[in-house]
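Working notes, beginning with the structure itself.
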Amino acid sequence: MPAPTLRPATAADVPALAALVNDAYRGAASRKAWTTEADLLDGPRIDEAALHDMLGAPGGGFLLAEGPGGQLVGGVYLQAQGPRLYLGTLAVAPAAQAHGLGRRLLEAAEAQARQQGCTHLKITVVAARSELLAWYERRGYVRTGATEPFPDTTRFGRPRQPLVLVALEKAV
């Protein structure tokens, strides 16, 4: 399989991006992949309105990965926040997982951080996702000791249990 092409997202990508993120995190196919949140949260992971808001945020945008025929197979949200580049909503289509695409998106995010003069990347991960925390730690991300409450909105799903986000950073 040829390597996916990376490119910035546009507003026209929002419907396909919403489908990708929801499939990767909460969809039926996500249960076959290790990235599922379906046991922690009910409802969709994201909606088109939230994606439009993220694309319109100052310094924010998505980096997308397209496979053969222009099929969207991955994406990651990046937003400049002073000396840090925030990384979030990293999603890889369940069928495309375990082939290095998530790692490639992370490497592209790190390159973008350096190009923008950022010194660190920051991410927050649901504390209950020990396998995901370990994945980021294997890639050089370090827990900062900071935590954040899971957003008090149903816009990102309805938690089945109390959830906390753990902050991690990586120097670039």
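The values are calculated or read from the model by the stated rules, or taken from the named source; none is laboratory data. Predicted model, so just to flag it, every value in this text is computed and none were measured. A quick note on method: Cβ atoms are made from the backbone with ideal geometry, for glycine too, and the neighbour counts reach across all protein chains shown. Quick note on the areas: whole protein, heavy atoms, side chains included, nothing else; ligands and nucleic acids left out. Shrake-Rupley method; radii C 1.70, N 1.55, O 1.52, S 1.80 Å.
Mind listing the long-range amide H neighbours of Gln81? Cut-off is under 5 Å, sequence gap 5 or more, other chains count too, H placed in the peptide plane at 1.01 Å from N.
Placed amide hydrogens put Tyr86 under 5 Å from Gln81.
Using each residue's phi in segment 7-24, evaluate 6.51 cos²θ - 1.76 cosθ + 1.60 at θ = phi - 60° and report the 3J(HN,Hα) Karplus result to the nearest Hz, with x for Gly and Pro.
Values per residue, Gly and Pro as x: 7, x, 7, 10, 4, 5, 7, 4, x, 5, 5, 4, 4, 4, 4, 5, 5, 5 Hz.
On a full-extension model of 0.36 nm per residue, what is the gain between Asp152 and Ala49, subtracting their alpha-carbon distance, rounded to one decimal in nm?
35.4 nm
Please report the relative contact order for segment 45-103, taking Cα pairs under 8 Å with a sequence separation of at least 6, and give it as a percent rounded to a whole number.
23
If you count only protein heavy atoms with a 1.4 Å probe, what accessible area per residue comes out for the chain, rounded to a whole Å²?
It amounts to 48 Å² per residue over the chain.
Whose amide H sits under 5 Å from the amide H of Leu90, counting only residues 5 or more places off or on another chain, with H placed in the peptide plane?
Residues meeting the amide H criterion: Tyr77.
Under the rule a/c < 1.5 gives rounded, and otherwise a/b versus b/c splits prolate from oblate, where does segment 73-163 land using the Cα gyration tensor?
Oblate, because a/c is 1.5 or more while a/b does not exceed b/c.
I'd like the distance separating the alpha-carbon centroids of segment 90-164 and segment 1-21, in whole Å.
18
How much net charge surrounds Leu85 when only the other residues with a Cβ under 12 Å from the Cβ of Leu85 are counted, with Lys and Arg +1 and Asp and Glu -1?
+2
Just the accessible area for Thr5, please: 1.4 Å probe, Å², rounded to the nearest 10?
Surface accessible to solvent at Thr5 totals approximately 80 Å².
For the chain, list log₁₀ I(q)/I(0) at each q in 0.10, 0.11, 0.18 Å⁻¹, using the Debye formula over Cα point scatterers of equal strength and ignoring solvent, two decimals each.
Here the Debye-derived log intensity ratios amount to -0.35, -0.42, -1.28.
Collect residues whose amide H, placed 1.01 Å from N in the peptide plane, falls under 5 Å from the amide H of Val126; neighbours closer than 5 in sequence don't count.
Distant-sequence amide H within range of Val126: Val166.
Helix-derived [θ] at 222 nm for the chain: sum -39500 (n - 2.57) over DSSP H runs of at least 4, divide by residue count, nearest 500? Working shown, then result.
Values: 4 runs with 45 residues, N = 172.
So the calculated ellipticity at 222 nm is -8000 deg cm²/dmol.
What percentage of the solvent-accessible surface of the chain, computed with a 1.4 Å probe over protein heavy atoms, is contributed by carbon and sulfur atoms?
54
Compute the length gained on full extension between Glu137 and Arg7: take 0.36 nm times their separation in residues and subtract their Cα-Cα distance, giving the result in nm to one decimal.
44.2 nm
May I ask you to compute the full-extension gain from Gln115 to Arg160, defined as 0.36 nm times their residue separation minus their alpha-carbon distance, rounded to one decimal in nm?
Extra length available between Gln115 and Arg160 comes to 12.2 nm.
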